[in-house]
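Okay, so here's the structure we're looking at.
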Amino acid sequence: MEEKDSRHMNCCGNDSGCRYRSRSRSDEEKKALRSRLNRMIGQLGGISSMIDDDRYCGDVLIQLSAVMSALRSFGSVIMKEHLKTCVADEIKNGEMEVIDEVMELFGRLQ
């Protein structure tokens, strides 16, 4: 029971039904994720400037497509890590209901 509780606290951030979840990430992981986010924020700022500058719709759409692709890629990175860490731990501990959560998450990412 002790092992399950410590794993549960690590993945979910609390032991009261996982209403608020968290996962510890290394400084390297955080840096890589922040870098991706900052790039997307820059792209969105560029799109905003393009709108202000009355740029051609096709050019705006190309930039928008790039941001959408970056977001999908970012989601895939987060999902992969979620599967390798939190989901794997829960399955190892016999908590198979996590599969339903994962399926819902896949649906949301599409």
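Since every read-out is calculated from the coordinates, none of them should be taken as a lab result. Since the structure is predicted, the reported quantities are computational estimates derived from the model, not experimental observations. All Cβ positions, even for glycine, are placed from backbone atoms using ideal geometry, and neighbour counts span all protein chains on display.
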With the structure loaded, tell me whether Ile51 is surrounded by 15 or more Cβ atoms within 10 Å (Cβ to Cβ) and more than 22 Å from Arg25 (Cβ to Cβ) or whether it fails that test. no
Considering every residue within segment 82-100, establish whether at least one is outside any helix (DSSP H, G or I) and in contact (Cβ under 8 Å) with a residue 24 or more places away in the chain. yes
In segment 23-68, how many are closer than 22 Å to His82 by Cα and assigned to a loop (DSSP other than H, G, I, E, B)? 4
If you go through segment 84-101 one residue at a time, how many are under 23 Å from Arg36 (Cα atoms) and surrounded by 15 or more Cβ atoms within 10 Å (Cβ to Cβ)? 2
